[in-house]
Amino acid sequence: MKLKLNIWRQESATAKGAFKTYTLENLEKDMSFLEMLDVLNEQLVTKGERPVVFDHDCREGICGTCGVMINGRAHGPIGGITTCQLHLRSFNDGDEITVEPFRASTFPIIKDLKINRSAFDRIISAGGYISASTGSAPEANSILITHDVAESAFDSAACIGCGACVATCKNGSAALFTSAKISHLAKLPQGRAEARIRVVKMVEQMDKEGFGHCTNTEACEAECPMGVSVLNIAQMNWEYNKALLLGA
Amino acid sequence: MIKLTLLRKLLMALTGLFLCLFLVIHLLGNLQLFLPKEIAQEQFNAYSQALSGNLFIKVVAIGLYVSILAHAIYAVVITIYNRKSGGKYAVDERKVASPWYSRSMGLLGTVIFVFIVIHFQNFWYYYKFTDMPLDPWGRKDLYSAVVNLFGNVWYVVIYVVSMVAMGYHLLHGVASAVRTLGVYHQKYVRVVNVAGVVYSVVISAGFAIIPIYVYLVQHQERLLTLLQLK
Ligand code: HEM
Ligand code: SF4
Ligand code: FES
């Protein structure tokens, strides 16, 4: 396969970036997208040029670091996957592919395609946990919970923090990410106790970081690799309104 | 000024839903315009007079003006803020992930706002602040004002186009507002989504048909001749 790549190159957060075009030949259609970038980087290193910086770790869709914008869509043209799960067979021989970092005022670029997602970490630190003392795992049957509730909480917990929701949202809103954690914990007996104070603190932090207003376009759900539902946002709003009325 | 994003959203949702409730009452009142002229003129003018003299209505009306202004002001605040926080891409195909009207609420709202200004000038200002002609029963003849205005095809066009914009605004707005209030159970969300679509279509079509109907009735002779049906 032959591909023409337009890749965003930027030296630092403050430097001005620009697209650079590269042509790769003899690619295997079963290569993953990141393997294709590896091939490109090997060629660049051989030529003595600086390789393209991109985030990646697990390469199996669980760490959430590899997100980039591919031809104008988060994680590329296929729904429900991360960039590392995308393969060249999703493209045609001779295609031109534009690769940009996830963009939002809250996600500063570190270099090339690598962005700083620490704002997400600070939202979680603000309250995305339960403050019970840790210790060895308690007897499982001492807290009763139905299968459906456990499954539903697990669906919310599936968020891998990739940032595709923010990158896809025209408003750069982090509502899906933040609400996933809020409703994950609110659905479980252990997390329920602190639900109100948690939602207030996490939403406050989300605003402090400068994420936009959620306008319920639901684009986030459509592009989320883990299929996290927008109903988590509804539950976040519910918990928030409850905290407003009843106090945190 | 409200600082928190969720509080701003809550304000948008509450004012928006209040306006939605008002639209139902407004449409029901306007249905009198479908009556034959002899009945409609007296009944509609009596209705208008009763409304403008009623204290309860006056209080609600103030709530209405405040809602429209607060809704529009915060719409601008939110839209500007979101423009800054959202990313821009050289190649952008994000539109496949959401319907166009959900991304165009500011634009649709602006069309509605311009319409509201025209609409207030057409009827509200004319009724309240001018010495308009009286009907045979001695009441301000709002009915004839409506008929005269919608004799002009351009006003019919302005009103119908605005109602289409409002229809799309509501198509996203109703479901969005209820989401902001926090309805999250799948069962109720489905009910709300269907109800939102039905509401939007019925309300905007209902308002849009009135100018068309009033235009057609007074031009029916001419139109029929034009179509050579007579
Ligand atoms: C008849 C008049 C109107 C009605 C019934 C109405 C109704 C609504 C409703 C129900 C919402 C949803 C609130 C939410 O998302 O939480 C909404 C949102 C919105 N409205 Fe209106 N509205 C009206 C007029 C206007 C006007 C005049 C403007 C602008 C000048 C405007 C701009 C907006 C914007 C920007 C949003 C929010 C965006 C979003 O959530 O995507 N609306 N409106
Ligand atoms: S909600 Fe989905 S898109 Fe957003 S950060 Fe989590 S996994 Fe990524
Ligand atoms: S590299 Fe871990 S999710 Fe893609």
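Are any of the residues in the range B:171-184 touching a residue at least 24 places away in the same chain (Cβ under 8 Å), away from chain A (no Cβ under 14 Å) and out of contact with any Asp or Glu (no Cβ under 6 Å at 6 or more places or on another chain)?
No, the conditions are met nowhere in the range B:171-184.
If I go through the range A:82-104 residue by residue, how many of them are surrounded by 16 or more Cβ atoms within 10 Å (Cβ to Cβ) and part of a loop (DSSP other than H, G, I, E, B)?
Of all residues in the range A:82-104, those surrounded by 16 or more Cβ atoms within 10 Å (Cβ to Cβ) come to A:82-88, A:91, A:97-104.
So of that shortlist, the ones also part of a loop (DSSP other than H, G, I, E, B) come out as A:82, A:86, A:91, A:101-103.
Of the residues in that region, 6 qualify.
So which pairs qualify, if the first residue must be in the range A:197-211 and within 11 Å of chain B (Cβ to nearest Cβ), the second must be among the aromatic types (Phe, Trp, Tyr), the Cβ gap must be under 8 Å, and the two must be at least 6 apart or on different chains?
Short answer, once both residue conditions are applied: A:VAL199/A:TYR240; A:VAL200/A:TYR240; A:VAL203/A:TYR240.
For a quick check of your reading: which helices (runs of 4 or more DSSP H) sit entirely within the range A:135-248 and have at least 3 residues that are assigned by TED's automatic domain parsing to the domain that holds A:SER125 and within 16 Å of ligand 2 (Cβ to nearest atom)?
Counting at least 3 such residues, we get A:147-157, A:164-168, A:175-186, A:195-209, A:219-223, A:231-246.
Given A:THR82, A:THR98, A:THR106, which one is hydroxyl-bearing (Ser, Thr, Tyr), in contact with a strand residue (DSSP E or B) (Cβ under 7 Å, 6 or more places away or on another chain) and not assigned by TED's automatic domain parsing to the domain that holds A:ALA175?
Step by step, each of A:THR82, A:THR98, A:THR106 is checked, and only A:THR98 is hydroxyl-bearing (Ser, Thr, Tyr), in contact with a strand residue (DSSP E or B) (Cβ under 7 Å, 6 or more places away or on another chain) and not assigned by TED's automatic domain parsing to the domain that holds A:ALA175.
Residues checked against (1) within 11 Å of chain A (Cβ to nearest Cβ); (2) on the phi < 0 side of the Ramachandran plot; (3) not in a loop (DSSP other than H, G, I, E, B):
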{"position": "B:VAL96", "(1), (2), (3)": "yes, yes, yes"}
{"position": "B:SER102", "(1), (2), (3)": "yes, yes, yes"}
{"position": "B:GLY106", "(1), (2), (3)": "yes, yes, yes"}
{"position": "B:ILE116", "(1), (2), (3)": "no, yes, yes"}
{"position": "B:HIS119", "(1), (2), (3)": "no, yes, yes"}
{"position": "B:PHE123", "(1), (2), (3)": "no, yes, yes"}
{"position": "B:TYR127", "(1), (2), (3)": "no, yes, yes"}
{"position": "B:MET132", "(1), (2), (3)": "no, yes, no"}
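Which one of these does B:ASN82 not meet: (1) surrounded by 14 or more Cβ atoms within 10 Å (Cβ to Cβ); (2) more than 14 Å from chain A (Cβ to nearest Cβ)?
Result: B:ASN82 passes all but (2).
(1) at negative phi; (2) more than 14 Å from the chain's Cα centre (by Cα); (3) within 14 Å of another protein chain (Cβ to nearest Cβ): which one isn't true of A:ASN71, the others all being true?
Only one criterion in (1) at negative phi; (2) more than 14 Å from the chain's Cα centre (by Cα); (3) within 14 Å of another protein chain (Cβ to nearest Cβ) is unmet by A:ASN71, namely (1).
From (1) among the small types (Gly, Ala, Ser); (2) farther than 16 Å from A:VAL203 by Cα; (3) more than 16 Å from ligand 3 (Cβ to nearest atom); (4) touching a residue at least 12 places away in the same chain (Cβ under 8 Å), pick out the condition that doesn't hold for A:ALA167.
Tallying (1) among the small types (Gly, Ala, Ser); (2) farther than 16 Å from A:VAL203 by Cα; (3) more than 16 Å from ligand 3 (Cβ to nearest atom); (4) touching a residue at least 12 places away in the same chain (Cβ under 8 Å), A:ALA167 fails exactly one: (3).
In this structure, does B:HIS219 turn out to be within 14 Å of chain A (Cβ to nearest Cβ) and not hydroxyl-bearing (Ser, Thr, Tyr)? Steps first, answer last, please.
Numbers: within 14 Å of chain A (Cβ to nearest Cβ): no; not hydroxyl-bearing (Ser, Thr, Tyr): yes.
Considered against the rule, which asks whether it is within 14 Å of chain A (Cβ to nearest Cβ) and not hydroxyl-bearing (Ser, Thr, Tyr), B:HIS219 comes out as no.
For the range B:61-95, which positions are basic (Lys, Arg) and farther than 12 Å from A:THR168 by Cα? Walk me through it before giving the result.
Going through the range B:61-95, the residues basic (Lys, Arg) turn out to be B:83-84, B:88, B:94-95.
B:ARG83, B:LYS84, listed by residue number.
Among the numbered criteria (1) surrounded by fewer than 18 Cβ atoms within 10 Å (Cβ to Cβ); (2) aliphatic (A, V, I, L, M); (3) within 14 Å of chain B (Cβ to nearest Cβ), which one does A:ALA193 miss?
Here A:ALA193 clears every test but (3).
What number of residues within the range B:1-32 are part of a helix (DSSP H, G or I) and within 14 Å of chain A (Cβ to nearest Cβ)?
Qualifying residue count for the region: 12.
The values are calculated or read from the model by the stated rules, or taken from the named source; none is laboratory data. Quick caveat, the model's predicted, so the values are computed rather than measured. Because the Cβ atoms are built from the backbone with ideal geometry, glycine has one as well, and the counts that use them run over all protein chains shown.
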